[in-house]
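Data first, discussion second: the structure below is written as structure tokens.
The values are calculated or read from the model by the stated rules, or taken from the named source; none is laboratory data. This structure is a prediction, so every number in the text was calculated from the model and none was measured. For neighbour counting, all protein chains shown are included, and Cβ atoms are generated from backbone atoms with ideal geometry for every residue, glycine included. Ligands, DNA and RNA are stripped out before the accessible areas are found, and what is left, the full protein with its side chains, is counted by its heavy atoms. Shrake-Rupley method; radii C 1.70, N 1.55, O 1.52, S 1.80 Å.
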Amino acid sequence: MGFNLHGKNPVNPTGIDEPQIDWDRNITDEEWKEYSKEMNAYEKAVPGSSFHRNVWHWRPIWTYVAETCNNILTHKDITMGQFNDGHFINKNKSKRIAKRLQKLIDEGHSTVWESEHTKEREDAEEIPCRICKGKGVRNDSVIKGKCNVCEGKGTEKPFWVWYPFYVENLQEFTNFCRDSGGFNIC
């Protein structure tokens, strides 16, 4: 699952046009490659146009935003930010989020949060494997024998350790918020 945030009215300092493609006809591989190349160039030139992350990277960003911008966002914003069904964050909130996040990044707060989050993930205690229930072996329709999830140990790290947080991702999101003109979380 991915999160594709789209700027409502992105700042476009170079005036570059967003690439278009006729999705109603068969697109050749060459046309698709050219469109992708043009879209990547557009997204770099217009950072408020879009922000893409997979679920593993998006959720820690939004958790950080929810914790540090809880007086900017409503409860509904915070909750719906964990889903990719089009929730809209308006321009005013987006600008305020960007300003707050940039301050936290500049002050080093985000770097400390990244370090603590990473340490918590590394230090997380193993729990019984969710698939083999701690037995180390499976006997189901998928696998008969050593459990492929825990590799036969019977234990695994908890699910939440799969969600890393990186200040670099947060900075990109901050730039997006600043220039997006408000955004949808899709």
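Pairs only if they're at least six apart or on different chains, beta carbon under 6 angstrom, first in region 113-130 and in contact (Cβ under 8 Å) with a residue 12 or more places away in the chain, second open to solvent by 60 Å² or more (accessible area, probe 1.4 Å) and not in a helix (DSSP H, G or I); list them, first residue then second.
Close Cβ pairs satisfying both conditions: Ala124/Lys157.
Return the residues of region 21-46 that are among the polar types (S, T, N, Q), surrounded by fewer than 12 Cβ atoms within 10 Å (Cβ to Cβ) and within 25 Å of the chain's Cα centre (by Cα); say none if nothing qualifies.
Initial filter on region 21-46 (among the polar types (S, T, N, Q)): 26, 28, 36, 40.
Filter once more, keeping what is surrounded by fewer than 12 Cβ atoms within 10 Å (Cβ to Cβ): 26, 28, 40.
Selection gives Asn40 alone.
It is to be established whether one or more residues within region 149-171 are exposed (fewer than 13 other Cβ atoms within 10 Å of the Cβ), out of contact with any helix residue (DSSP H, G or I) (no Cβ under 9 Å at 6 or more places or on another chain) and among the aliphatic types (A, V, I, L, M).
no
Return the residues of region 47-76 that are open to solvent by 70 Å² or more (accessible area, probe 1.4 Å) and among the hydrophobic types (A, V, I, L, M, F, W, C); say none if nothing qualifies.
Trp56
For Glu120, work out the one condition from (1) within 27 Å of Pro47 (Cα to Cα); (2) part of a helix (DSSP H, G or I) it doesn't fulfil.
Going through the list (1) within 27 Å of Pro47 (Cα to Cα); (2) part of a helix (DSSP H, G or I), Glu120 breaks only (1).
Considering region 77-106 alone, what residues qualify as being within 19 Å of Pro47 (Cβ to Cβ), open to solvent by 30 Å² or more (accessible area, probe 1.4 Å) and either charged (D, E, K, R) or in contact with an Asp or Glu (Cβ under 8 Å, 6 or more places away or on another chain) (or both)?
Within region 77-106, Lys91, Lys93, Lys95, Arg96, Lys99, Arg100, Lys103, Asp106 qualify.
Only one of these is over 24 Å from Lys8 (Cβ atoms) and part of a strand (DSSP E or B): Gly145, Gly152, Gly134. Name it. Before you say what the answer is, go through the steps one by one.
Details: Gly152 fails: part of a strand (DSSP E or B); Gly134 fails: part of a strand (DSSP E or B).
None of the other options fit; the residue is Gly145.
Is at least one residue of region 158-181 part of a loop (DSSP other than H, G, I, E, B), in contact with a strand residue (DSSP E or B) (Cβ under 6 Å, 6 or more places away or on another chain) and in contact (Cβ under 8 Å) with a residue 40 or more places away in the chain? Outline the logic, then answer.
Looking only at region 158-181, we keep the residues that are part of a loop (DSSP other than H, G, I, E, B), and these are 158, 163-166, 181.
If we keep only those that are in contact with a strand residue (DSSP E or B) (Cβ under 6 Å, 6 or more places away or on another chain) as well, we get 158, 181.
After this cut, where a residue has to be in contact (Cβ under 8 Å) with a residue 40 or more places away in the chain as well, the list is 181.
Yes - at least one qualifying residue is present in region 158-181.
For every residue, the table says whether it meets (1) aromatic (Phe, Trp, Tyr); (2) within 18 Å of Val55 (Cα to Cα); (3) modelled with pLDDT of 95 or more.
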{"position": "Asp77", "(1), (2), (3)": "no, yes, yes"}
{"position": "Pro158", "(1), (2), (3)": "no, yes, no"}
{"position": "Pro164", "(1), (2), (3)": "no, yes, yes"}
{"position": "Asn169", "(1), (2), (3)": "no, yes, yes"}
{"position": "Ser180", "(1), (2), (3)": "no, no, yes"}
{"position": "Ile185", "(1), (2), (3)": "no, yes, yes"}
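Test Phe83 against the stated conditions and say whether it is within 13 Å of the chain's Cα centre (by Cα), closer than 19 Å to Gly7 by Cα and of a type in the set (A, V, I, L, M, F, W, C). If you could, list the steps in order and put the result at the bottom.
Values: within 13 Å of the chain's Cα centre (by Cα): yes; closer than 19 Å to Gly7 by Cα: yes; of a type in the set (A, V, I, L, M, F, W, C): yes.
The answer is yes for Phe83.
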